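**Student:** My questions will all concern the structure given below.
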Amino acid sequence: SKTDRSFKRVVLKLSGEALRESGSQDNISPEIVERIACEIKAAHSTGMEIAIVVGGGNFWRGASASARGMDRATADYVGMLATVMNALAVQSALEAEGVPCIVQSAIEMKNVAEPFIRRKASRQLKEGRVVVFAAGTGSPFFSTDTTAALRASEMGADAILKATMVDGVYDADPKKNPEAKRFNKVSFQTCIVEQLKVMDSTAFTLCMDNDIPIIVFDLNVHGNITKAIVGQDIGTIVSK
Ligand code: UDP
């Protein structure tokens with residue numbers, strides 16, 4: 001059943017791992033990125049303003065490198081640079097599909113991306129371009145989930161679409177407990193009380209404080225990005 005969510009602007013969070021083919025040596029699979037670009041194109045053709053925040057976990061995670069002895073802040077900058085590579089791959093695939101797209105980086109890298117300028121990003125979205133936010137927040141000790149929460153807040157987005165490898169938020173780990181049930185809707189408060197992990201705590205509280213709903217859904221099902229936008233019953237919506 002279609003229930004109009006009346007969203008105008010959304011932030012799509014793509015994890016770095018979503019761009020990798022499992023078991024492959026390559027950090028980025030051009031075929032997978034192309035497939036994701038087609039899904040985004042379909043969603044974009046509904047007239048939705050779409051901003052994208054890409055992760056970098058297919059290359060590097062600052063916390064893991066730090067646990068193995070590297071200085072955390074430096075490791076995090078390496079992770080932010082990794083997201084720029086992913087952003088360029090996503091931009092290239094979107095443009096190949098005829099979807100106009102710009103990349104804005106939170107760490108200045110003017111030969112490959114525009115700098116992050118909030119008002120410019122907003123204008124580009126209004127004009128129908130997809131805007132990919134690269135380099136996270138530009139600061140270490142944050143995640144790209146937090147970046148999605150921050151950009152969604154400052155861009156006045158109606159929701160974050162968190163594309164994942166699972167089809168929503170469960171009341172227990174579905175891999176360990178076959179009885180685990182998926183929520184269609186769940187409140188921020190319940191997530192905290194029941195310790196349901198949707199995003200890291202910084203990202204989660206930012207969404208909660210700024211009243212940004214999070215839609216958690218499975219990216220690997222064809223048509224899901226569009227369905228999440230128009231309000232078809234997929235995944236889990238976390239809201240007030
Ligand atoms: N990162 C950071 N600040 C940010 C966003 C990301 O330092 O604002 C670093 C951090 O080291 C992180 C890495 O970039 O581990 C990759 O981002 P993330 O782990 O969020 O990627 P994902 O899990 O979504 O692929």
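**Student:** What value, in deg cm²/dmol to 500, does the helix sum -39500 (n - 2.57) over DSSP H runs of n ≥ 4 give at 222 nm once divided by the residues of the chain? Present the calculation step by step, with values, prior to reporting the outcome.
**Tutor:** On the way: 8 runs with 88 residues, N = 240.
Calculated at 222 nm, the ellipticity per residue is -11000 deg cm²/dmol.
**Student:** Pop out the Kirkwood hydrodynamic radius of segment 152-223 from its pairwise C-alpha distances, inverse of mean 1/r, in Å to one decimal.
**Tutor:** Working: mean 1/r = 0.0764 Å⁻¹.
It works out to 13.1 Å.
**Student:** Moving on to the next point. Quick check on packing: order 216-225, 108-117 by the mean number of other C-beta atoms within 10 Å, highest mean leading. Don't skip to the end; give the middle numbers.
**Tutor:** Values: 216-225: 18.7, 108-117: 13.8.
Highest to lowest by the protection proxy: 216-225, 108-117.
**Student:** With springs only between Cα atoms under 10 Å apart, run a GNM on the chain and tell me which of Gln189, Gln104, Gln25 wobbles the most.
**Tutor:** Gln25
**Student:** What does the highest-first list of 91-98, 233-240 look like by mean Cβ count within 10 Å?
**Tutor:** Values: 91-98: 17.9, 233-240: 19.5.
Highest mean packing first, the order is 233-240, 91-98.
**Student:** Across all directions of projection, what mean area in square nanometres is found for the Cα convex hull of the chain?
**Tutor:** Working: hull surface 52.5 nm².
If I average the Cα hull's projected area over directions, I get 13.1 nm².
**Student:** Further, regarding this structure: Can you tell me how segment 1-82 classifies by the Cα gyration tensor, rounded, prolate or oblate, using a/c under 1.5 as the rounded cut?
**Tutor:** prolate
**Student:** Among the lysines, which have Cα under 21 Å from the Cα of Lys13 when same-chain residues fewer than 8 positions away are ignored?
**Tutor:** The qualifying lysines are Lys41, Lys120, Lys126, Lys162, Lys185, Lys197, Lys227, Lys240.
**Student:** Would you mind calculating the relative contact order of the chain from Cα pairs under 8 angstrom and at least 6 residues apart, reporting the percent as a whole number? Could the numbers behind the result be given before it?
**Tutor:** Numbers: 501 pairs, mean separation 57.7, N = 240.
Relative contact order comes out at 24 percent.
**Student:** Need one number: % antiparallel among DSSP beta bridges in the chain, to the nearest 5. Before the final figure, lay out each step's value.
**Tutor:** Working: 4 of 33 bridges.
Antiparallel bridges make up about 10 percent of those DSSP assigns within the chain.
No value in this document is a laboratory result; all are computed from the given coordinates. Worth saying up front: this structure is predicted, and the values here are computed from it rather than measured. Every residue, glycine as well, gets a Cβ built from its backbone with ideal geometry; the counts of neighbours run over all protein chains shown.
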